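Here is the structure we will look at, set down as structure tokens.
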Amino acid sequence: MRWPAFFAVIVAGIGIDQWIKFLVETRMDMHELIDILPFLGLFRIHNTGIAFSMFAGMDRLFLIGLAVAVMIFVGWLAARTNPAHGLARLGFALILSGAFSNNLIDRLVLGYVVDYVLFHTPVWSFAVFNLADAFISVGAGLVILDEVFVWRRQARAGGPADGPRDG
């Protein structure tokens, strides 16, 4: 994945996530549940922590600083990744998109992250999350998947292959 496509994924991800959050914030009441499927609903909450509300109550500037440090590291990894490793590059772009939307825009503008996706049954529910969280999770999965493909190529070739950190 070349840089123009990389940045297009980031911008598109941020735009879609922020648009959905705007709709949730302006059209749903706090803690309102709108069932979409028997196990999936929209549920508006505000998260002052990070994933799964960890570190809720921590200083907002600390969380923003932590996010910036992680984003710099992920950007550095992306820059070191060979453009031929499209899955890894796509993964890094999704991670940056989600981190930027959740941890910079939401926290700087609102002071919290807007979460709205709820998987649930009548007796169980998963943590409420948002599209940016999904981007981060899927992105991490793509990076790992790319690493598995590189490892398998190396094993078949009997030696080191062109790894994602080359180039």
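Within the option set VAL123, VAL109, VAL117, being of a type in the set (Val, Ile, Thr) and touching a residue at least 24 places away in the same chain (Cβ under 8 Å) holds for one residue only, VAL117. Annotation note: of LEU118, LEU77, the sole residue that is modelled with pLDDT of 95 or more and farther than 26 Å from THR26 by Cβ is LEU77.
The rows are residues; the columns are (1) assigned to a helix (DSSP H, G or I); (2) aliphatic (A, V, I, L, M); (3) exposed (fewer than 13 other Cβ atoms within 10 Å of the Cβ).
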residue: PRO4; (1), (2), (3): yes, no, yes
residue: VAL9; (1), (2), (3): yes, yes, no
residue: ALA12; (1), (2), (3): yes, yes, yes
residue: GLY15; (1), (2), (3): yes, no, yes
residue: TRP19; (1), (2), (3): yes, no, yes
residue: THR26; (1), (2), (3): yes, no, yes
residue: HIS31; (1), (2), (3): no, no, yes
residue: ASP35; (1), (2), (3): no, no, yes
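Within the range 37-51, the set of residues being aliphatic (A, V, I, L, M) and either assigned to a helix (DSSP H, G or I) or more than 30 Å from ALA78 (Cβ to Cβ) (or both) comprises LEU37, LEU40, LEU42, ILE45, ALA51. Just so you know, in the range 98-145 the residues that are of a type in the set (D, E, K, R) and either part of a helix (DSSP H, G or I) or loosely packed, with under 15 Cβ neighbours inside 10 Å (or both) include one that is farthest from the chain's Cα centre (by Cα), and it is ARG107.
The values are calculated or read from the model by the stated rules, or taken from the named source; none is laboratory data. Note that the coordinates shown come from a computational prediction; the quantities given were computed from them, not determined experimentally. Cβ sites come from the backbone with ideal geometry, for glycine too, and all protein chains shown count toward neighbours.
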